[in-house]
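Structure first, commentary second.
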Amino acid sequence: MNSEIVFHFLGVCIVAGPALLLALLGTTSLINKPLGERLIAKATQTVVMMGLFAAIAVLVLMLASGKRYVPVEMGNWVVLPAQHFHFHLKFIFDRLSIPFCILSFILCGTIGAFASRYLHRESGFNRFFICYSLFLLGMIVSSLAGTIETLFFGWELVGLASALLVAFFHERINPVRNGLRIWSIYRIADAAFLVAAIMLHHLTGAGDFAELMGTGSWPDGQATISEQHALFIGLLLLFAAAGKSALVPFSGWLPRAMEGPTPSSAVFYGSLSVHLGAYLLLRVSPILELSPLLSLAVILLGLVSAIFGTLVARVQTDIKSALAFASLTQVGIIVVEIGCGLRYIALIHIIGHACLRTFQLLRAPSLFHDYHSLENAIGAHLTQKPSLWVRIMPERYRVSLYRFELERGYLDMLCNRLIVTPFVGLFRYCDSLESRWTNLISGEERRESEPITPASDSLEEI
Amino acid sequence: MLPELHLPWMEISVLITLLGSIWLKFTPDRDRAYQRCLRICTLTLLVTICGWIDFISLKSFEASEPFSLFSQLFNKKLFVVDDLSAPLLPLAALLYLLTVLSTLKTKGHSFSFSNTLISEAILLSTLSSKETWIIILLLSAATIPPLLEFRSNKRSSRVYVLHMGLFIILLVAGGLLSSFKDHNDTISLIAGALLTTAALLRNGIIPLHCWMTDLFEKITFGTALLFVTPMTGAYAILRLVFPIAPDWALQGIAIVSLITAVYAAGMALVQQEARRFFCYLFLSHSSLVLVGLEMATPLGLTGGLCVWISVGISLAGFALTLRSVEARTGRISLKTYHGLYEHTPTLAGLFLVTGLASIGFPGTLGFIGTELLIEGVIEVYPLVGTAVVIATALNSIAILQVYFRVFTGTHHAASISLRARIPEHVAILILVALVIGGGLFPQPGVISRNHAANQLIQLRDEAFQKRKSSADSRISVNKNQMNQSIIP
């Protein structure tokens, strides 16, 4: 059998599995006949195993044949030849995508198995797995994307799944508010990504990574655009990556994301989703190399995020938030590594950190039981030695720093004051002007819908 | 000579709706009226689909209707279907069918089935007409059914009357000026400006959009929805303004539309009531459609036409979901959380799917259209084009915010079952199939819209060439006359 056909078959298996899972769970829910818990767990397990083994098979074949770059062409999804517009569906297997793809399957598989027990008899069990399959599909598409448009496709799926999972516990306001906050940040970051993708498409005439990053396979590609263009597009991509990976100043969403169920917190915000920004920077690293200024910006942003993360993580009062900021520290360091051009180290760091953090987050709830058992056994609280900082820093500064850390760098407050409040205020003012204008014309004092009461003909009234 | 369809499909569909409307006038029983209206709307949809298929089989840019009753009466080809209008007709018929299908019995007394069919007949006629005066007449007539509902609900219709009155005056004045046989460039420009302002007003461009929010507040959701979602303002621009307006004027309209898109997206974020929220959301999207249409480039125009179809389907589905929720709980306040997910999971699912489709979420009907639109705009205005992306981002935040407000955040205690009824389920499944199916297999739709866009641009270029050559010949005649007067 031709090796290309084998690669194509395996590539299709990897992507089609999560897509089929999503279609199955989504369709049964829409026709109001959701599957049972056992069936959902079985379907998830089957899809993950199929994808994982197919990805491993691709890796083995690549190692055996010595190929470093295997494109799997799916053809044009949409093509307008006269306008030179095409949406090309292409997946690539290289030294960046294969590890990320296998990592996604392993961690998602672990979490799928964990969640089927953790969420047993939870009313949103089916809903969780719909979001889970959406996330898995998004991660796989993003990991294997061979064009920037395909990467954007997966990127968006991941964003939606993340926001919906943070708001998983529907009956409380806080998770929902946090879900919206995350969605807002993601959408703003996605807007930057979309503009960058279209600019790149214009500059190079194609969204294909092989065209964008030169002829060499990752990490040896060389981008062909000018330094100024690289700086402009790179900054947009850095903005997008910062939003997705919760780098400063977008870090506020990471602890908020912990409001979702523990399995989703572990796999999405602790390990996979939070690394997607770093993955984007790795994928476009030939662009970063073109502009020293851009590389400097990447290093600085990573450094600031890492320092911020490590400071804030130390004073968090709940374990999930502490782990979230600890994740941020590591992601910051990974970004610094990318900025310094240490691509393999960054990739290894991502894999190691993702696995460790997932298990840490999964272990977190039971850790307290063990902690209490230990303290009960010894009959006293465990003692902690004051850290070096506590010993050498004057108390005045320590208090200020503590306040800064406890308030998470005032980032959320700054964001509200500088962006949200003026924005909402401006449009509320416009709304009141419109209200006055329509009242003036219609000769009525108020809007019909302002004092909202249930209509007399609503079903509940009847 | 125009090729002809095999049957006068458009005329049949218009006659079905008109006769159906008369039939329903004499049907006092609401349940029976609902059933009959449903059958008429289904039949109309089938006829328009047959017309579309017939048109596709001709492989022509446009086609006229054979043995047409109206043509014989008025001695003119009244119904002409072309690449632009062919899919818009079934889309319009589908909107009416789904709206009627999802009308609950509780809303039956306030939603007039008979008037709905009349407005459907007017809409179908408008979308299958290319004659300036017929379009003007039908666009003016379409404003009457909502006005009747204002009156029957005993609500102040001043805002609506003022705006629609101005709309009709501008349309008629523009039509009159453009119909002068020997008009010069200034008159042509004024005529174009008047028609443009009228069409923009009908589309709800700022600051002339307040009639739309007033409309949504004061008449039934269904009627308001059917008045605005077919986007006849955009149709008027394409038919009346696009062929005559110079590039700079079209790009001016695009900028105004872009400002409206961003403004309306911002306003959607701060609304405290669901109908007003939907109104601004729709306004933002319809303005984005106009942005694409006015680019006058094949890519931008194709994007605009694709977004037109996707917004038509997705936002209509979105509004129908809101309407279904409203029918259960009354007017929906966005100040508080309602927590309806537990009771209406399928409605929540549809709300999310259609809302995401409208913002061009990957895998849905709007994705490729939005990509094309953004690419088309950035091609002409690289920096200004990013405003389209900003408007889309704001809209997406507004949609999820309202999803959370309506379906989550609290536990809703209901005394009776609020689950979607079977007709609503059918409507939901049809819409989801269209939204997801169109998203996964976008190529045929995109090709069809691209073909329409190319043809529209070609017609526009031909019109400009014709005007240029007539102007050149006029100048040469004047020169000859001057030379003759100078030479003794």
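Taking label points 7 Å from Cα along the Cα-to-Cβ direction, A:Leu418 and A:Asn439 give a separation of 3.6 nm. Remark: accessible surface ordering of A:Tyr186, A:Tyr371 (largest first) is A:Tyr371, A:Tyr186, probe radius 1.4 Å. When nucleic acids and ligands are ignored and a 1.4 Å probe is applied, B:His411 ends up with an accessible area of around 110 Å². Our summary of shape: the Cα atoms of segment A:185-235 have principal axis extents of 34, 21, 17 Å, ordered from largest down, in whole angstrom. Between A:Ile319 and B:Lys335, the distance separating the two model label sites (each 7 Å from Cα on the Cα→Cβ line) works out to 4.2 nm.
Calculated over segment B:246-465, the projected area of the Cα convex hull averaged across directions stands at 12.0 nm².
Taking the charge dipole of segment A:304-402 about its Cα centre, with +1 at Lys and Arg Cβ atoms and -1 at Asp and Glu Cβ atoms, the residue from A:His353, A:Ile338, A:Gly379 reaching farthest to the positive side is A:Ile338. Annotation: amide H-H contacts under 5 Å for B:Thr297 (H modelled 1.01 Å from N, sequence separation of 5 or more, or interchain): none. Here the Debye sum runs over all C-alpha atoms of the protein assembly as shown as equal scatterers in vacuum, and log10 of I(q)/I(0) at q = 0.06 Å⁻¹ comes out as -0.45. Derived scalar couplings between HN and Hα for segment B:367-375 equal 4, 5, x, 5, 4, 4, 4, 4, 5 Hz in order, rounded to whole Hz, by the Karplus curve 6.51 cos²θ - 1.76 cosθ + 1.60 (θ = phi - 60°), x for Gly and Pro. When a 1.4 Å probe is rolled over the protein heavy atoms, the share of accessible surface on chain A that falls to carbon and sulfur comes to 65 percent. As a length-normalised measure over Cα pairs under 8 Å and 6 or more apart, the relative contact order of chain A settles at 11 percent. For the residue pairs B:Lys130/B:Lys154; B:Lys218/B:Lys335; B:Lys130/B:Lys468; B:Lys130/B:Lys479; B:Lys77/B:Lys479, alpha carbon separations beyond 32 Å are given by B:Lys130/B:Lys154; B:Lys130/B:Lys479; B:Lys77/B:Lys479. Chain A against chain B buries an accessible area of about 6700 Å², both chains summed, 1.4 Å probe radius. The shape of segment B:53-115 comes out oblate: with a ≥ b ≥ c from the C-alpha gyration tensor, a/c is at least 1.5 while a/b does not beat b/c. When the surface is traced with a 1.4 Å probe over the full set of protein chains, B:Phe282 keeps roughly 0 Å² accessible. Could you work out the Kirkwood radius for chain B, taking every pair of different alpha carbons, averaging 1/r and inverting it, reported in Å? For chain B, inverting the mean 1/r across all distinct Cα pairs yields 23.1 Å. For A:Val79, the amide hydrogen comes within under 5 Å of the amide hydrogens of A:Phe87, counting only partners 5 or more places away or on other chains and with H modelled in the peptide plane. Largest accessible area first, the residues A:Ile287, B:Ile436, B:Ile144 order themselves as B:Ile144, B:Ile436, A:Ile287 under a 1.4 Å probe with ligands, DNA and RNA left out.
Counting only Cβ charges, +1 for Lys and Arg and -1 for Asp and Glu, the dipole size of the protein assembly as shown around its Cα centre is about 1580 debye. Placing B:Arg39, A:Arg428 in order of accessible area, with the largest value first and a 1.4 Å probe, yields B:Arg39, A:Arg428.
Residues whose amide H falls under 5 Å from that of A:Glu171, counting only those 5 or more places apart or on a different chain, are B:Gly409, with hydrogens built in the peptide plane.
A Stokes-Einstein calculation at 20 °C with viscosity 1.002 mPa s, built on the Kirkwood radius of segment B:131-244 over Cα pairs, returns a diffusion coefficient of 148 µm²/s. Per residue, the convex hull spanned by the alpha carbons of segment A:102-232 comes to 105 Å³.
With a Förster radius of 60 Å applied to the beta-carbon distance between B:Thr410 and B:Gln481, the computed FRET efficiency rounds to 0.15. The calculated Kirkwood hydrodynamic radius for segment B:1-129 is 14.9 Å, given to one decimal from all distinct C-alpha pairs.
Got a sec? Charge dipole of chain A, +1 on Cβ for Lys and Arg, -1 for Asp and Glu; which of A:Leu254, A:Ile287, A:Ile14 is way out at the positive end? Checked the options; the winner is A:Leu254. Taking only alpha carbon atoms, segment A:219-287 gives an Rg to Rh ratio of 1.10, where Rh is the Kirkwood radius.
For the pair A:Tyr402 and B:Ile169, what calculated FRET efficiency results from E = 1/(1 + (r/R0)^6), where r is the Cβ-Cβ distance and R0 = 45 Å, to the nearest 0.05? For R0 = 45 Å, the calculated efficiency reads 0.05. Just to confirm the number: angle between the C-alpha axis of helix B:298-329 and the first principal axis of chain B, 0 to 90 degrees, nearest 10? Helix B:298-329 sits roughly 30 degrees off the main axis of chain B. Using +1 at the C-beta of Lys and Arg and -1 at the C-beta of Asp and Glu, which of B:Tyr34, B:Ile53, B:Ser125 has the Cα lying farthest in the positive direction of the dipole of segment B:1-129? In segment B:1-129, that residue is B:Tyr34. With contacts taken as Cα pairs under 8 Å at a separation of at least 6 residues, segment B:246-465 carries a relative contact order of 28 percent.
Given a 1.4 Å probe and the protein chains as shown, A:Ser373 ends up with an accessible area of around 70 Å².
Charge dipole (Cα centre; +1 on Lys/Arg Cβ, -1 on Asp/Glu Cβ; no other charges) of segment B:172-313 amounts to roughly 260 debye.
Rounded to the nearest 20 debye, the dipole size of chain B about its Cα centre is 1360 debye, using +1 on the Cβ of Lys and Arg and -1 on the Cβ of Asp and Glu.
Each 10 Å bin from zero holds the following percent of Cα-Cα pairs in segment A:388-444: 20, 23, 18, 15, 11, 8, 4, 1.
Put simply, the convex hull of the Cα atoms in segment A:1-114 casts, on average, a shadow of 9.7 nm².
Only lysines eight or more places from A:Lys42 in sequence, or on another chain, were considered; those with a Cα closer than 21 Å are A:Lys33. Which shape class applies to segment A:3-366: rounded if a/c is under 1.5, otherwise prolate when a/b exceeds b/c and oblate if not, where a ≥ b ≥ c are the square roots of the Cα gyration tensor eigenvalues? Judged from the Cα gyration tensor, segment A:3-366 comes out oblate (a/c at least 1.5, b/c at or above a/b). The 3J(HN,Hα) values that the Karplus relation (6.51, -1.76, 1.60; θ = phi - 60°) gives for segment A:168-183 are, in residue order, 4, 7, 4, 7, 10, 6, 4, x, 5, 4, 5, x, 5, 4, 5, 4 Hz. Gly and Pro appear as x.
For chain B, what is the relative contact order in percent, using Cα pairs closer than 8 Å and at least 6 residues apart in sequence? Relative contact order comes out at 14 percent.
On a 0 to 90 degree scale, rounded to 10, what angle separates helix B:113-127 from the longest Cα axis of chain B? Between the helix axis and the principal axis of chain B, the angle is about 30 degrees.
The values are calculated or read from the model by the stated rules, or taken from the named source; none is laboratory data. Not measured: the values here are computed from a predicted model. When we count neighbours, we look across all protein chains shown, and the Cβ atoms used for this are built from the backbone with ideal geometry, even at glycine. Surface accessibility is based on the protein's heavy atoms, side chains included, excluding ligands, DNA and RNA. Shrake-Rupley method; radii C 1.70, N 1.55, O 1.52, S 1.80 Å.
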